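To start, the structure under review is shown below, and the notes come after it.
The values are calculated or read from the model by the stated rules, or taken from the named source; none is laboratory data. What you see is a predicted model; the values in this text were computed from it and never measured. Counting neighbours? That spans all protein chains shown, and the Cβs are built from the backbone with ideal geometry, glycine included.
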Amino acid sequence: MTARLAFLAGLILAPISAACGQQVPWSQRGATIQTVGHTELTIRYSRPVARGRLLFGGVVRWGRIWCPGADSATTLALSTPIRLEGRNLPAGTYSVWALPDSAGPWTIILSRAHAVFHTPYPGEQHDQLRLQVTPVDGSHMETLAFYFPVVTQLTATLHLHWGTTVVPLRIEVER
């Protein structure tokens, strides 16, 4: 069964499975919605839990493309165009991917292929934008999270945070 069919089957069968007493998933669904200026940004994702595991260099391998989340691919939806890390990103919905590097900046990838499973990566032919972002250390975050610690009238910072790794993404919107 292809990844897309498996994803669609999961959407259809999830309510049936829940009613039949199937186990609660480890990675709960989450969403973060933030308005910046007149732009609404929505991130939808599954939230994997660290559970004592080595995250980066373990669960998430260095040098391999990873979807920060679980189950269906993490998505970022924009109601208007933005600038992300100084680069233009048109309004629309994108899946979010990362290429972690143990010794330098990570590559953050926004793909036009957004209704996909979290594996495999849909391929460079679907990329809308690739960015180099340097992660920083933070306090321990047991469950993967996307959040906006800073929001002003026309700017915001979006954090991808799991374990002690924080990937900050700078956002600018039009007036």
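Quick look at the values:
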quantity	calculated
Any hit, segment 58-68, residues being closer than 19 Å to P135 by Cα, touching a Lys or Arg at 6+ places or on another chain (Cβ under 7 Å) and of a type in the set (A, V, I, L, M)	yes
Among (1) among the aliphatic types (A, V, I, L, M); (2) at pLDDT below 95; (3) assigned to a strand (DSSP E or B) - the single one L11 does not satisfy	(3)
Test: residue in segment 51-58 that is surrounded by 14 or more Cβ atoms within 10 Å (Cβ to Cβ) and within 15 Å of the chain's Cα centre (by Cα)	no
Residue ranges of strands (runs of 3 or more DSSP E) in segment 73-175 with at least 3 members hydroxyl-bearing (S, T, Y)	92-99, 136-151, 155-173
Matching option when the condition is in contact with a Lys or Arg (Cβ under 9 Å, 6 or more places away or on another chain), buried (at least 17 other Cβ atoms within 10 Å of the Cβ), closer than 20 Å to F148 by Cβ and of a type outside the set (G, A, S), among L41, L110, L78	L110
Selection within segment 81-107 - surrounded by fewer than 20 Cβ atoms within 10 Å (Cβ to Cβ) and touching a Ser or Thr at 6+ places or on another chain (Cβ under 7 Å)	A91, T93, L99, P105
Matching entry among S111, S72 (being at pLDDT 95 or above and in contact with a Ser or Thr (Cβ under 8 Å, 6 or more places away or on another chain))	S111
The lone exception for G123 - which of (1) surrounded by 12 or more Cβ atoms within 10 Å (Cβ to Cβ); (2) on the phi > 0 side of the Ramachandran plot it fails	(1)
Any hit, segment 39-55, residues being at positive phi, among the small types (G, A, S) and not in a strand (DSSP E or B)	yes
